[in-house]
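Report on the following structure.
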Amino acid sequence: MNANVQDEYRRWLNDPAIDDSTKQELLSIEGQQGEIEDRFYKELEFGTGGLRGVIGAGTNRMNRYTVGRATQGLAQYLLEHEKDPQSVVIAYDSRNQSPEFALEAALVLAGNGIASYVFESLRPTPELSFAVRHLKASAGIVVTASHNPPEYNGYKAYNADGCQLVPEQAERVIASIRSIESFTEVRRASREQAEAKGLLHWIGEAIDAAYLQQVTAISQNPDAVKAMSDQMRIIYTPLHGAGNLLVRGALKNIGFERVEVVAAQELPDSQFSTVKSPNPEEREAFALAIEMAKQSDADLIIGTDPDCDRMGAVVKDAQGEYVVLSGNQSGAIMVDYLLGSLKRRGELPANGTVIKTIVTSEMGAVIAKHYGVETINTLTGFKYIGEKMTQFETTGERSFLFGYEESYGYLAGNYARDKDAVVAAMLLAEAAAYYKQQGKTLYDVLQELYERHGFFLEALESRTMKGKDGLAQIGQIMSDWRSSPPVQVTGIPVAEVLDYSQGRDGLPPENVLKYVLADKSWFCLRPSGTEPKIKLYFAVCGEAPKQAADRLQALREEVMAGIDGK
C-alpha cells in the first residue's frame with residue numbers, strides 16, 4: 001500500500017471509503033511536508049505489544065481506518081487458518097477512542113461473518129487473555145496503548161491460546177493487512193446488522209466472576225491474610241485505568257479489608273490528568289498515593305497501568321521512607337514467596353519452571369535454583385512467555401510456576417497467557433501480610449534476599465528518536481555496536497557477545513545485542529518494538545550494596561557515553 005509518502009497522502013484524500021472529517025484533517029496539513037511524512041512514511045507494525053501510535057489520520061497513526069484494515073487482515077487470517085466457527089473477544093481500556101476502536105473492530109469482524117464478544121465497558125488486558133480461553137474463541141483483540149502518553153492508542157491481537165500473536169502468526173496477519181489496497185476492501189457491517197445476525201455479543205460480569213475465581217485460586221496463604229487483614233493497610237491506585245474494580249475485587253476475595261483507593265485517580269480519565277505519565281514504573285505516578293500512605297502509615301502501595309497488565313509497588317524502607325520497587329525487585333520477592341510457599345506445603349513440582357526474559361535480572365533465577373527450580377529465558381515480550389506456557393501445557397514436560405519481565409509484568413497460574421497486574425497485586429499484598437505476621441516488611445525481605453543471594457542491581461536507560469530520521473539513527477547505533485563490539489568496558493573484558501538477530505539459544509531472531517562481561521555483569525541494547533526509542537539495560541551483582549552500586553554506575557556511564565557519542 002505504501003508507494004511513496006505523497007502518493008499515500010493523496011490516496012487517502014481520494015479514497016471513497018474515508019469520511020469527510022478525516023479528509024478535512026488531512027487537508028489541514030497540506031503543504032506541511034514534515035507532518036505529512038511523519039504520518040505516511042510507514043504503516044504501524046506489530047511490535048512486542050502489537051499496533052501502537054499517536055491518534056490521528058494517516059498510515060502511521062491510530063484511527064478507525066488503520067484499526068479497520070488491521071481487523072480485516074486479522075479476519076482474513078482467521079478465515080484461512082482457523083477452524084469454524086470463528087469468534088473473537090474484544091476488550092479496551094480508558095484511552096481516547098478506545099470504545100470506538102473496539103466497536104469498529106467488532107463491526108469489521110461481523111462484515112466478515114465472524115462473531116465478536118465485546119466487553120460492555122473497560123477491562124484489564126489479562127482478563128481479555130483469560131476470556132479468549134474461557135469462551136474458546138479463535139482470537140482476541142484489546143485496544144490499549146499501555147502506559148504511553150494520552151495522545152497514543154493501540155491494538156493488540158491474541159491467538160486462540162489467549163497469547164499475543166507470536167512472530168510467525170503476526171507475519172501472516174501483516175501479510176493479509178498489506179494485501180488490502182484500499183479501505184473499500186474492508187468489509188464492515190452496521191451495529192444493527194451485526195446484532196441482528198448474532199455476530200455482536202456484549203459480555204461483562206459473568207466473565208469477571210470466572211476470572212476472579214481463577215486469580216484468587218493462586219492465593220498461597222489465606223490464613224496469613226485472615227490473621228492480618230485488620231492490621232494491613234494498602235493504598236491502591238488504578239492510575240485512571242481499567243484495574244480499579246478487579247484489583248480491589250481480588251484483594252477483597254482473599255480477605256483484605258483495609259484497602260484505600262486514591263480517589264483522584266480512581267475513575268477512568270483518557271487524559272490521565274493527575275500524572276505526567278500513567279506508568280507504575282515511575283515514582284511520580286505514585287505521588288498522590290504516597291501522600292495518602294504517609295497519613296495512614298500504610299504498609300504497601302500498589303499501582304496498575306491503564307490496561308492493568310503492569311503492577312508497580314511502593315514499600316517502606318528501614319528508615320520508614322516509601323521507596324518504589326523495581327520490576328526486578330518485585331519479581332524476586334514474588335518468586336521467593338511463591339516457591340517458598342509451595343515448598344513448605346510440599347507442593348513444589350519436580351518439573352516446576354520459572355520463565356523470564358533475557359533483559360530481566362538473574363536474581364530470580366538464582367532464587368529459583370535455591371528451591372531446585374529451573375529458569376528459562378525468552379525474548380522480551382510476554383507473548384514469548386505465553387508461548388512457552390502453552391508448550392508446557394501441551395507436552396507436559398514442565399509445570400509453569402511463574403513468569404515475569406523487568407518491565408513490571410508478572411503472571412502466576414495457567415488461566416491466562418499475558419502479564420496480569422491483578423494477580424501480581426494480590427500475590428504481593430499477600431506476601432506483605434505473610435511477612436508482617438513475622439514482623440517483617442517487604443523491604444526487609446528484599447534485603448534478606450540480597451544477603452543470601454548477592455546484591456543484584458539493575459538500571460534502564462532509553463533514548464527517544466522520533467520519526468524517519470530517528471528510526472535510521474537507532475538502526476545505525478545497532479549496526480555500529482554489532483560490527484564493532486567493545487573488547488572491554490570499565491576495564492573489565494567482554495566475555496561474550498550475544499547477538500540475537502539471527503536467532504540463538506532456541507529463540508527466534510530479534511534485533512537485540514547483549515554483552516556479558518568477565519565479572520558476570522551485563523548490558524543490553526534493544527530497540528523498542530512499540531515506541532520510537534532504543535532501550536539499554538544494565539545489570540551487576542556485588543557482594544555488598546556500595547560495591548554493586550558503584551559498579552552499576554560505572555558500567556552505565558561508560559556505555560551511555562558510547563551511545564550518546566561523548
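Each value in this text was obtained by applying a stated rule to the coordinates, not by laboratory testing. Only a predicted model underlies this, so the values are computations on that prediction, with no experimental measurement involved. A quick note on method: Cβ atoms are made from the backbone with ideal geometry, for glycine too, and the neighbour counts reach across all protein chains shown.
Some notes on this structure:
- In degrees, nearest ten, helix 5-14 long axis to first principal axis of the chain (Cα): 60 degrees
- Euclidean distance between Cα centres, region 85-135 to region 530-566, Å: 40 Å
- Of Lys316/Lys436; Lys388/Lys419; Lys316/Lys440; Lys42/Lys514; Lys343/Lys383; Lys356/Lys388, pairs whose Cα-Cα distance is over 20 Å: Lys42/Lys514; Lys343/Lys383
- Pairwise centroid distance, computed over Cα atoms, of region 491-516 with region 222-239, Å: 42 Å
- In plain terms, the chain from Glu558 to Asp15 could stretch by 190.3 nm, reckoned as 0.36 nm per residue minus the Cα-Cα distance.
- A compact globular protein would have a Cα radius of gyration near 2.2 N^0.38 Å; the ratio found for region 211-453 is 0.95.
- Computed FRET value (nearest 0.05) for Ala210 with Val487, which takes r as the C-beta separation and R₀ as 51 Å: 0.35
- Folded to 0 to 90 degrees: helix 205-216 orientation relative to the chain principal axis, Cα: 30 degrees
- Peptide ranges 354-362, 238-246 listed from the most packed, as the mean C-beta count within 10 angstrom indicates: 238-246, 354-362
- Hydrodynamic analysis of the chain uses the Kirkwood radius over alpha carbon pairs. Inserted into Stokes-Einstein at 20 °C and 1.002 mPa s, it gives a translational diffusion coefficient of 88 µm²/s.
- Calculated FRET efficiency for the pair Lys276/Lys520, C-beta based, R₀ 45 Å, to 0.05: 0.80
- Distance between the pseudo-spin-label points of His201 and Leu79 (7 Å out from Cα toward the beta carbon): 2.1 nm.
- Distance from region 140-164 to region 354-382 (C-alpha centre basis), Å: 25 Å
- Packing-based ranking, highest mean first, of 162-168, 172-178, 24-30 given that Cβ atoms within 10 Å are counted: 162-168, 172-178, 24-30
- Taken about its Cα centre, the chain carries a charge dipole of roughly 620 debye when the Cβ of each Lys and Arg holds +1 and the Cβ of each Asp and Glu holds -1.
- Counting DSSP beta bridges with both ends in the chain, the antiparallel % (nearest 5): 60 percent
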